[in-house]
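The values are calculated or read from the model by the stated rules, or taken from the named source; none is laboratory data. Worth saying up front: this structure is predicted, and the values here are computed from it rather than measured. Every residue, glycine as well, gets a Cβ built from its backbone with ideal geometry; the counts of neighbours run over all protein chains shown.
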Amino acid sequence: MKVALLPGDGIGQEVTAQALKVLRALNEPLDFEQAAIGEAGLQLCGDAVPPATLDLARRADAVLLGATGVPADEHRPLSEGAGSAVLRLRTHLKLYANFRPIRLFPELLGASTLKPEIVEGVDLVILRELNGDIYFGEPRGVEVSPSGERTGFNTMRYSEPEIERIGRAAFETARKRRRRVCSVDKANVLETMALWREVMTRIGREYPDVELTHLYVDVAAMALMRNPKQFDVMVSGNMFGDILSDAAAMLAGGIGMLPSASLGDGTKGLYEPVHGAAPDIAGRNIANPIASILSAAMMLRLSFDRPKSAARIERAVQHVLRAGLRTADIMESGKRQVGTEEMGDAIAAGIAADPHRDI
């Protein structure tokens with residue numbers, strides 16, 4: 001089971017080190033090979049995704065990514081910055097379905113800024129299409145008029161096959177859960193989203209055992225905050241899914257708790273925490289590694305068919321939270337604040353001490 005290890009920039013390096021520590025505590029036959037990405041790639045060869053890194057990612061059975069992006073990106077073309085690496089990697093590997101599970105551990109009920117009765121028991125999946133939409137649509141750019149005025153433009157674009165494949169991924173996921181899909185769009189004002197709704201409705205007829213509903217994205221954002229437990233699987237386009245899933249982080253206590261998996265048609269996946277490189281806290285041993293560690297659990301479950309090992313990681317995380325350990329972002333009164341490394345050590349130790357490790 002070959003894993004391409006791409007720590008990347010900022011806190012990506014710190015949290016990936018803890019995920020690796022936890023994976024090694026499992027004693028699974030995993031073969032790790034590390035490569036440069038993001039700023040490290042730019043410094044190495046002038047490319048945020050060096051050819052050797054891309055080759056490794058293609059050869060590996062799964063990719064464990066930290067984060068990409070540095071402050072210097074603000075002064076670089078969008079396609080040439082360190083932060084562009086993750087978008088390029090997803091495209092190169094043909095990964096179009098991004099799964100972002102939103103689950104609140106009961107021990108973190110007080111960490112969310114929302115009322116306990118709203119977030120208690122939250123367990124949903126936001127499924128974000130990754131390869132289309134306004135992030136990749138052409139034409140795009142900045143034009144300068146004869147008078148010198150600049151106009152920026154991007155194109156929201158989806159083809160019918162792109163919508164079909166993410167729709168089927170949503171319905172198949174819902175069949176393994178509570179059999180409800182909510183498709184999020186803006187069909188009342190955007191032709192692209194009118195097509196999205198039409199295709200989702202058609203695909204839904206192939207799954208009569210799954211309930212399909214539709215919400216405009218603005219209404220969906222409000223509903224996520226007001227009554228998140230009504231949702232099972234939410235599926236949306238690239239931009240809406242990006243925004244909604246980050247907002248939904250507060251349902252789980254904070255963005256440091258959110259893992260993700262990006263998949264295509266096979267079992268190869270790219271696994272990464274939802275958060276970014278956070279250069280303002282990099283190197284200070286205060287970042288929360290749990291999102292990266294839970295991403296590693298998703299890798300074991302989805303790419304390597306190791307559900308028992310994935311469950312051991314998840315139980316270890318819950319055990320540590322129950323013991324009162326917290327990083328700064330999820331700190332509550334009466335708990336013990338720990339650093340990135342101490343949290344990783346505690347979770348790795350929890351795996352070794354798991355009384356249900358053979359279940």
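Some points to look at:
- Residue count for the stretch 282-292, restricted to those that are surrounded by 17 or more Cβ atoms within 10 Å (Cβ to Cβ) and either assigned to a loop (DSSP other than H, G, I, E, B) or small (Gly, Ala, Ser) (or both): 7
- Some residue of the stretch 331-353 being part of a helix (DSSP H, G or I), in the same structural domain as residue 292 (by TED's automatic domain parsing) and touching a Gly at 6+ places or on another chain (Cβ under 7 Å): no
- Filter pass, residue 112 being touching a residue at least 40 places away in the same chain (Cβ under 8 Å) and either of a type outside the set (Val, Ile, Thr) or farther than 18 Å from residue 243 by Cβ (or both): yes
- Filter result (within 24 Å of residue 256 (Cβ to Cβ), more than 21 Å from the chain's Cα centre (by Cα) and in contact (Cβ under 8 Å) with a residue 12 or more places away in the chain) within the stretch 73-83: none
- Hits in the stretch 179-197 - residues which are surrounded by fewer than 14 Cβ atoms within 10 Å (Cβ to Cβ) and under 23 Å from residue 264 (Cα atoms): none
- Inside the stretch 210-238, residues that are more than 24 Å from residue 121 (Cα to Cα) and either assigned to a loop (DSSP other than H, G, I, E, B) or not assigned by TED's automatic domain parsing to the domain that holds residue 118 (or both) make up a count of 1.
- Options 52, 57: the member that is small (Gly, Ala, Ser), closer than 27 Å to residue 340 by Cα and either in contact with a Lys or Arg (Cβ under 8 Å, 6 or more places away or on another chain) or not in a loop (DSSP other than H, G, I, E, B) (or both): 57
- Condition met for residue 72 (in a helix (DSSP H, G or I), surrounded by fewer than 23 Cβ atoms within 10 Å (Cβ to Cβ) and of a type in the set (Gly, Ala, Ser)): yes
- Listed conditions (1) modelled with pLDDT under 95; (2) within 15 Å of the chain's Cα centre (by Cα) are all met by residue 253, apart from (2).
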